[in-house]
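K.L.:
Pasting in a structure now, in structure tokens, and then I'll have a few things to ask.
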Amino acid sequence: HLFYQNNDPITAKGLAQQKGDRFLVQNPPALTLTQPQLDKIYALTYERDQHPYYEKQGTVKALETIRFSIPTHRGCYGECNFCAIAVHEGRTVASRSENSILAEVKAISRHPKFKGIINDLGGPTANMYAIECAKKLHNGACVDKRCLFPDICPVLKIDHSSQLDLLTKIRLIPGINKVFVGSGIRYDMVLADKQNGLAYLKEIVAHHTSGQLKVAPEHAAPHVLKMMGKPSVGSLLKFKKMFENLTYAVGKDQYLTYYLIAAYPGSSDREMKQLKDFVTNKLHLTPEQVQVFTPTPSTYASVMYYTEKDPFTSETIFVEKNITQKVAQKEMIAKPTASSAQKTQAVKPSNLPHGYANKPRLQRKSR
Ligand code: SF4
């Protein structure tokens, strides 16, 4: 907790831990960049190309997705327990100005290799752009509570209007055929924005989804979701319904892609069975891509993994450490057995005319 609580640039103190006659020192993080500083960085004339030195070794495949992608902000206050972004980018979201982003879009539109498609307009969580807590910006992030878990903090005013304006303006720029939002979206934030959440999702569904929109429920068993610091499946199902209704209304063939994790601390075969039931009966799919949990340095999930304890309650938890069993957990949901395939095939579309976006399917590979 001491490490995590000393990661906000406004409140962090330097930490030192003695080991023998030496000290491990953790300096406080650098101050969050201001908007003018961030804009200045993104106004630099980047090559958007691989270094010529590597050309003789072939093309860098990853460049395809990043060459014409635009970061709108840095940082994330989602604080999922398995993720290190809040530690290395900060829990404070620093957003670029609209002018800075529009200027980059215009510059990209003139690039000789640009074919009219911006692959991603986003950040660690796409819809945190221009949404931040005034108290955090002045006093630092709270050490005794989280911004989004277990419920969205009432101090955080969630308003997607800036994102909505930005997306609308970008798609009207000459030379831009498509702007996709490829970064993940926090569905609980969309639902919490009573004023503009629906309009934002409408815009995303109608103009900014490249066949699949990424969301990250990661699991479905309540106990595991709690260990992850993720919202309940109730909000996911509400969001799914909204997405499917809007998708149907615009007559598009597009789906939600779900990021899922197997063998997370606290997840045994019993919890994976719960997840399997959820994806089959509620999401109506057989996921193709499921990650086996990997402990990431500096995260609470790693503490859970190595200590086999819940760091918030000190209770002992089950942790799958056997690699064969970890893979078995993944295969419980990722690879259909004969019976589960039959079961999936038998699922009938529930609430949509023609079962438009509800038909059983395999997820495409996405990460
Ligand atoms: S007041 Fe709420 S939104 Fe602001 S930093 Fe604290 S927990 Fe986060």
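The values are calculated or read from the model by the stated rules, or taken from the named source; none is laboratory data. No experiment lies behind these values; they were computed from the predicted model shown. With ideal geometry, Cβ positions are generated from the backbone for all residues, glycine too; neighbour counts draw on all protein chains shown.
K.L.:
Tally the residues that are at pLDDT below 90 and either among the acidic types (Asp, Glu) or within 17 Å of the chain's Cα centre (by Cα) (or both), restricting the search to segment 54-72.
P.N.:
3
K.L.:
Among the residues of segment 268-278, how many are buried (at least 23 other Cβ atoms within 10 Å of the Cβ) and either within 21 Å of the chain's Cα centre (by Cα) or β-branched (Val, Ile, Thr) (or both)?
P.N.:
Counting residues in segment 268-278 that are buried (at least 23 other Cβ atoms within 10 Å of the Cβ) and either within 21 Å of the chain's Cα centre (by Cα) or β-branched (Val, Ile, Thr) (or both) gives 1.
K.L.:
Select from segment 68-118 the residues that are at positive phi and away from the ligand (no atom under 16 Å from the Cβ) and list them in ascending order.
P.N.:
Gly116
Table: residues versus (1) without any contact (Cβ under 8 Å) to a residue 60 or more places away in the chain; (2) over 24 Å from Ala216 (Cβ atoms); (3) small (Gly, Ala, Ser).
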| site | (1), (2), (3) |
| --- | --- |
| Tyr54 | yes, yes, no |
| Gly58 | yes, yes, yes |
| Ile66 | yes, no, no |
| Ile70 | yes, no, no |
| Phe82 | no, no, no |
| Ser97 | no, yes, yes |
| Lys113 | no, yes, no |
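K.L.:
On to the next question. Among the residues of segment 243-274, write down those that are of a type in the set (Asp, Glu) and part of a helix (DSSP H, G or I). Steps first, answer last, please.
P.N.:
At the first step, the residues of segment 243-274 found to be of a type in the set (Asp, Glu) are 244, 253, 269, 271.
Correct list: Glu244, Asp269, Glu271.
K.L.:
Asn196: within 16 Å of the ligand (Cβ to nearest atom) and among the polar types (S, T, N, Q), yes or no?
P.N.:
Considered against the rule, which asks whether it is within 16 Å of the ligand (Cβ to nearest atom) and among the polar types (S, T, N, Q), Asn196 comes out as no.
K.L.:
Still on this structure, I have one more. Among the candidates Leu164, Leu172, Leu191, single out the residue that is free of Cβ contacts under 8 Å to residues at least 60 places away in the same chain, assigned by TED's automatic domain parsing to the domain that holds Ile70 and under 19 Å from Arg74 (Cα atoms).
P.N.:
Sole residue among the options that is free of Cβ contacts under 8 Å to residues at least 60 places away in the same chain, assigned by TED's automatic domain parsing to the domain that holds Ile70 and under 19 Å from Arg74 (Cα atoms): Leu164.
K.L.:
Output the number of residues of segment 128-169 satisfying the condition of being within 9 Å of the ligand (Cβ to nearest atom) and within 24 Å of Ala103 (Cβ to Cβ).
P.N.:
1
K.L.:
Still on this model: Could you please find all residues in segment 284-298 being buried (at least 19 other Cβ atoms within 10 Å of the Cβ) and modelled with pLDDT of 95 or more?
P.N.:
Phe293
K.L.:
Return the pair list, or none, for Cβ contacts closer than 6 Å from residues in segment 218-244 that are on the phi > 0 side of the Ramachandran plot to residues that are in a helix (DSSP H, G or I) and modelled with pLDDT of 95 or more, at least 6 apart or on different chains.
P.N.:
Every condition considered, the pairs that remain are Glu218/Met228.
K.L.:
Going by the structure shown, is Pro36 closer than 26 Å to Gly122 by Cβ and at pLDDT below 95?
P.N.:
no
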